[in-house]
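The structure appears below as structure tokens.
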């Protein structure tokens, strides 16, 4: 993961792709794709899905996308308080 990409607002993007098996169209299979991508337009994911529809036999059913920033400001969280006698 490139620090330069992260500073340019690239995010860790995960896509769950459900597709129909070519030999058994009633059966769905899951494929997980993960890459650094530019949210919210996701050009790398779009490129991968275009490749999928052009070159692979499994017809896409649905794509679920999630993304998370990798560089964030530090957070302080109070976890637990102990009382000593």
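Take residue 56 and decide whether it is surrounded by 13 or more Cβ atoms within 10 Å (Cβ to Cβ) and either touching a residue at least 60 places away in the same chain (Cβ under 8 Å) or out of contact with any helix residue (DSSP H, G or I) (no Cβ under 8 Å at 6 or more places or on another chain) (or both).
No; evaluated as a whole, the condition is false for this residue.
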* **Residue check, residue 49 assigned to a strand (DSSP E or B) and either touching a residue at least 24 places away in the same chain (Cβ under 8 Å) or crowded, with 16+ Cβ neighbours inside 10 Å (or both)** => no
* **Residue selected from segment 49-85 under the condition within 23 Å of residue 3 (Cα to Cα) and in contact with a strand residue (DSSP E or B) (Cβ under 8 Å, 6 or more places away or on another chain), by the criterion modelled with the lowest pLDDT** => 70
* Structure fact -> Of the residues in segment 11-33 that are in contact with a strand residue (DSSP E or B) (Cβ under 8 Å, 6 or more places away or on another chain) and not in a strand (DSSP E or B), the one that is surrounded by the most Cβ atoms within 10 Å (Cβ to Cβ) is 21
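The values are calculated or read from the model by the stated rules, or taken from the named source; none is laboratory data. Treat the numbers as computed from the prediction; the structure is a model and nothing was measured. Reconstructed Cβ throughout: ideal geometry from the backbone, glycine too, with neighbour counts over all protein chains shown.
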